[in-house]
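Read the structure below first, then the notes.
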Amino acid sequence: MEAVRELAQPCYSARLIQPFIEVLEENGQLPEAARAWFSALDPEARVHVAAVNSMLEGALQLSNDPLLGLKASARMSLGDVGVVDFVITSAETVRASLNAAGRFLRLVNDSLEFLLQVEDDRAVVRLESTIMVSPVAEDFALCGMIRSQSTSWPEGMLQDLDVWFRHAAPADVAPYLEALGPVRLHFDCARTGFGFAHSFLDAALCRSDRRLHALLLRYAESSLASLPQPETVTEKVRQLIVDRLASGDFGLEEAARQLGMSSRTLGRRLADEGTTFKAIVDSLRRTVALKHVAGDELALAEVALQAGFTETPSFYRAFRRWTNMTPSQYRRTHRGTAV
């Protein structure tokens with residue numbers, strides 16, 4: 001029997017909460033209950049995304065400060081997120097460093113994907129969230145990442161950096177430049193991330209340490225293997241479709257909206273998992289159709305509706321494609337085998 005995988009809801013490392021606690025505490029805005037909760041929290045604990053997002057909403061209300069995420073990112077220093085920082089900064093080249101970031105980001109954040117691409121003469125890092133994130137969370141994730149990684153970048157790379165935010169431009173960008181350095185800022189963008197001349201990809205990091213990096217890689221791989229398996233995007237999409245199959249409300253665009261990503265991103269992530277939205281829909285329709293056709297409870301027209309077909313002829317054509325039989329033939333030969 002195939003082993004059942006343990007699936008995990010997306011979580012953040014408790015290490016990512018510390019900077020927000022510090023900012024609120026310094027400003028006298030940290031409730032005693034929140035202080036007590038965090039004091040009792042193991043730094044190595046993983047906290048459900050929903051709980052952290054709720055905390056961020058509360059922190060923003062307390063502070064009434066739209067720059068809360070940026071200020072929290074400024075509190076981050078090398079090592080604050082554990083082994084991930086040191087794996088990234090001890091790599092031999094920028095490319096190896098960024099690949100390590102993408103590989104081990106899940107140790108601190110289950111809901112963020114780190115994608116390295118080359119577009120013409122620019123290397124582009126995209127941060128794709130699997131959930132909807134606030135500007136505060138976007139600022140913290142992007143600015144914190146740049147601040148921690150740039151400490152090991154080769155000379156001139158930071159000065160060549162383009163930084164893209166999805167959220168609207170603030171009234172004053174000076175705090176962003178103060179936090180990040182001499183970069184080019186872009187707001188109201190279609191992506192979150194940063195880019196630089198691709199010639200830097202194979203440049204050596206100034207903190208490179210080959211033997212230390214090899215040791216840290218083994219530790220990081222072991223830590224990654226110990227985490228529960230995340231729910232795949234395919235599984236999330238399947239559940240969305242199951243809940244809406246009979247209503248016919250299961251388009252790609254709506255599924256992407258429900259999952260907090262663009263249609264293009266959803267299509268790409270499904271492709272990475274070896275499937276497509278259309279294939280998932282077809283598989284679920286087939287499962288529902290075979291189950292009900294083999295039973296006697298529903299008329300074939302009703303089975304068609306349950307399987308998401310608004311027109312019976314379309315259902316018949318699909319059923320013949322699946323089984324090389326008509327629904328009536330299948331029912332006669334498989335009656336009573338429904339499970």
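The values are calculated or read from the model by the stated rules, or taken from the named source; none is laboratory data. Note that this is a predicted model, so its numbers are computed, not measured. Cβ sites come from the backbone with ideal geometry, for glycine too, and all protein chains shown count toward neighbours. The accessibility values were calculated without ligands, DNA or RNA, using every heavy atom of the protein model including side chains. Shrake-Rupley method; radii C 1.70, N 1.55, O 1.52, S 1.80 Å.
The 1.4 Å probe gives accessible areas that order R257, R207, R147, largest first, as R257, R207, R147.
Each Lys and Arg contributes +1 and each Asp and Glu -1, all at the Cβ; summed about the Cα centre of the range 146-268, the dipole is approximately 320 debye. Residues whose amide H falls under 5 Å from that of S129, counting only those 5 or more places apart or on a different chain, are E113, with hydrogens built in the peptide plane. In the context of the full protein assembly, D296 retains an accessible surface of approximately 90 Å², using a probe radius of 1.4 Å and ignoring ligands and nucleic acids.
Compactness of the range 19-67 is given as radius of gyration and Dmax, 10.8, 29 Å, from Cα positions.
Rounded to the nearest 20, the size of the Cβ-charge dipole of the chain about its Cα centre is 1540 debye, with Lys and Arg at +1 and Asp and Glu at -1.
Over all orientations, the chain has a Cα convex hull whose mean projected area works out to 22.0 square nanometres. For N53, neighbours were defined as the other residues whose beta-carbon sits under 15 Å from its Cβ, and their charges (Lys and Arg +1, Asp and Glu -1) total -3.
Sorted largest first, the principal axis extents computed over the alpha-carbon atoms of the range 118-235 equal 45, 41, 29 Å. Solvent-accessible surface of protein heavy atoms, probed at 1.4 angstrom with all chains present, puts L284, L217 in the order L217, L284, largest first. Rounded to the nearest 500, the 222 nm mean residue ellipticity of the chain from helices alone is -15000 deg cm²/dmol, with -39,500 (n - 2.57) taken per DSSP H run of at least 4 residues. Of the whole protein surface, V242 contributes about 80 Å² of accessible area at a 1.4 Å probe radius.
Accessible area of M132 (1.4 Å probe, protein heavy atoms only, ligands and nucleic acids ignored): about 150 Å². Dipole size of the range 208-306 about its Cα centre, with +1 on Lys/Arg Cβ and -1 on Asp/Glu Cβ: approximately 520 debye, rounded to the nearest 20.
Calculated on the Cα set of the range 8-146, radius of gyration then Dmax: 15.4, 52 Å. Here the calculated FRET efficiency for H186 and K278, from their Cβ-Cβ distance with R0 = 35 Å, stands at 0.55, rounded to the nearest 0.05.
What separates the Cα centres of the range 48-98 and the range 188-240 is a distance of 15 Å. Placing pseudo-labels 7 Å out from each Cα toward the beta carbon at D162 and Q329 gives an inter-label distance of 5.7 nm. In summary, no lysines lie within cross-link reach of K71, defined as a Cα separation below 28 angstrom excluding same-chain residues under 8 places away.
Ordered from largest to smallest accessible area (heavy atoms of protein chains, 1.4 Å probe), the residues T310, T323, T333 come out as T310, T333, T323. For K236, the lysines whose Cα falls under 18 Å of its own Cα, not counting residues fewer than eight places away in the same chain, are K278.
Which log10 I(q)/I(0) values, to two decimals, does the range 68-137 give at q = 0.22, 0.26 Å⁻¹ under the Debye formula with one point per Cα? One equal scatterer on each Cα of the range 68-137 leads to -1.16, -1.28. Taken along its three principal axes, the alpha carbon spread of the range 172-330 comes to 71, 43, 27 Å, from the longest extent down to the shortest.
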